[in-house]
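A quick write-up on the structure given underneath.
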Amino acid sequence: MRAYRLEEPEQRIAPEELATHGVMSWSVPSDEGARAAMIDAIKREQGYVDEDFIELGPATPNLEAICAKFDREHFHTEDEVRFVVAGDGIFDVRDGGDQWIRIEVAEGDMIVIPARKYHRFYLGERKQIRCMRLFANHEGWTPLYRSD
């Protein structure tokens, strides 16, 4: 995972600083047993009760329309939790001063964008990502867009 302010891409932001903005992140082990134990612990500690997988790639029908839902600034009423199983993507998240922090995620990264935190999402250059999504419930996952 690589995080930095959009206006200062050469200055990396550590996971501890991301946490001050409410964004939690982990590097998930590649070992199946260790990975399952870590994800189970996160689900228990954070109250996530359901999971599914989503995959987007060049062969995905209506890929541009799907991505257009998430590249506009929005928030959800529940946490947005992603564990990247394969591929990569980019989350831009607003900090407390309304400035953008870019977070590049790749295979093995887990990120939690907290409820009501404005953000947007883009696929990486390869236009390919497969993620496990964790939910407290599915009702709070509809994107609510920021007014201009």
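The values are calculated or read from the model by the stated rules, or taken from the named source; none is laboratory data. Remember, predicted model here, so these are calculated numbers, not experimental data. Glycine gets a Cβ as well: all are built from the backbone with ideal geometry, and neighbour counts include every protein chain shown. Note: accessible area is taken over every heavy atom of the protein model, side chains too, but ligands, DNA and RNA are not part of it. Shrake-Rupley method; radii C 1.70, N 1.55, O 1.52, S 1.80 Å.
Expressed per residue, the C-alpha convex hull volume of the chain stands at 121 Å³. For the chain, the solvent-accessible area works out to 54 Å² per residue, with a probe of 1.4 Å and every protein chain left in place. Over all other residues within a Cβ to Cβ distance under 13 Å of Arg133, the charged ones net out to -4, with Lys and Arg as +1 and Asp and Glu as -1. Work out the charge dipole of the chain with +1 on the Cβ of Lys and Arg and -1 on the Cβ of Asp and Glu about the Cα centre, then indicate which of Ala106, Pro61, His76 is farthest towards its positive end. Going by the charge dipole, the pick is Pro61. Farthest towards the positive end of the charge dipole of the chain, among the residues Ala3, Ile42, Ile90, is the Cα of Ile90, using unit charges on the Cβ of Lys, Arg, Asp and Glu.
Ignoring lysines fewer than eight residues from Lys127 along the same chain, the ones with Cα atoms less than 22 angstrom from its Cα are Lys69.
The Ser27 and Trp100 beta-carbon pair, evaluated with R₀ = 25 Å, returns a calculated FRET efficiency of approximately 0.65.
Probe radius 1.4 Å, ligands and nucleic acids ignored: give me the carbon and sulfur share of the accessible area of the chain as a rounded percent.
Numbers: 3880 of 7930 Å².
That fraction is 49 percent.
About its Cα centre, region 50-148 has a charge dipole of approximately 200 debye under the convention of +1 per Lys or Arg Cβ and -1 per Asp or Glu Cβ, with nothing else charged. Centre-to-centre separation between the Cα atoms of region 56-84 and those of region 1-26: 21 Å. The modelled label-to-label distance between Thr77 and Trp141, using points 7 Å beyond Cα along the C-beta direction, is 1.6 nm.
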